[in-house]
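The values are calculated or read from the model by the stated rules, or taken from the named source; none is laboratory data. Everything quoted here is computed from the prediction, not taken from an experiment. FYI the Cβ positions are ideal-geometry reconstructions off the backbone, even for glycines, and counts take in every protein chain you see. Areas reflect the complete protein model, heavy atoms only, side chains present, ligands, DNA and RNA absent. Shrake-Rupley method; radii C 1.70, N 1.55, O 1.52, S 1.80 Å.
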Amino acid sequence: MANAASGMAVEDECKLKFLELKSKRNYRFIIFRIDGQQVVVEKLGSPEENYDDFSNSLPANECRYAVFDFDFTTAENCQKSKIFFIAWSPDSSRVRMKMVYASSKDRFKRELDGIQVELQATDPSEMSFDIIKSRAL
């Protein structure tokens, strides 16, 4: 287990599942949560799932980290993919929870080698599909 600067440990499963998403494309998304003093995998989204499935998997009142593998076609008609790291911190979540997630985010993100775009969201409008699309291009 990696030891985070904030005192937060990162479970090896987090890194292994991320590598599977990145290299084997086994998952469309991964949602992580902090459990006690460590970051753990909460949910794995199958490749068939879409962005709506992903955004509906995030709790309305609790913070989460998430990784989403976004497939898109460029103006030149090339198929591409970008891996997004999303720090979900809804306004309605507890202040202490927001502080813990904010202080652990950078260290956790460094454990996931291959993140291409980072997004921070406090409500669903800040991570709409259109925003994801515009950040990918």
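Here the stretch 82-137 is the region considered, the condition is being without any contact (Cβ under 8 Å) to a residue 12 or more places away in the chain and of a type in the set (A, V, I, L, M), and the residue that is surrounded by the most Cβ atoms within 10 Å (Cβ to Cβ) is Met99. Filter the stretch 49-75 for residues that are outside any loop (DSSP other than H, G, I, E, B) and hydroxyl-bearing (Ser, Thr, Tyr); which is modelled with the lowest pLDDT? The qualifying residue modelled with the lowest pLDDT is Thr73.
On inspection, Asn26 qualifies as among the polar types (S, T, N, Q), within 22 Å of Glu11 (Cα to Cα) and either part of a loop (DSSP other than H, G, I, E, B) or open to solvent by less than 30 Å² (accessible area, probe 1.4 Å) (or both). Taking the numbered list (1) under 16 Å from Arg107 (Cα atoms); (2) under 11 Å from the mean Cα position of the chain (by Cα) in turn, Ile83 passes all entries but (1).
Confirm whether Glu13 is surrounded by 13 or more Cβ atoms within 10 Å (Cβ to Cβ) and within 28 Å of Asp130 (Cα to Cα). Write out each step before concluding.
Numbers: surrounded by 13 or more Cβ atoms within 10 Å (Cβ to Cβ): yes; within 28 Å of Asp130 (Cα to Cα): no.
So Glu13 does not fit the description; no.
Considering only residues in the stretch 55-81 that are surrounded by fewer than 20 Cβ atoms within 10 Å (Cβ to Cβ) and hydroxyl-bearing (Ser, Thr, Tyr), the one that is farthest from Arg28 (Cα to Cα) turns out to be Thr74.
When you scan the stretch 33-48, do you find a residue that is in a strand (DSSP E or B), modelled with pLDDT of 95 or more and of a type in the set (Gly, Ala, Ser), even just one? Checking the stretch 33-48: at least one residue is in a strand (DSSP E or B), modelled with pLDDT of 95 or more and of a type in the set (Gly, Ala, Ser).
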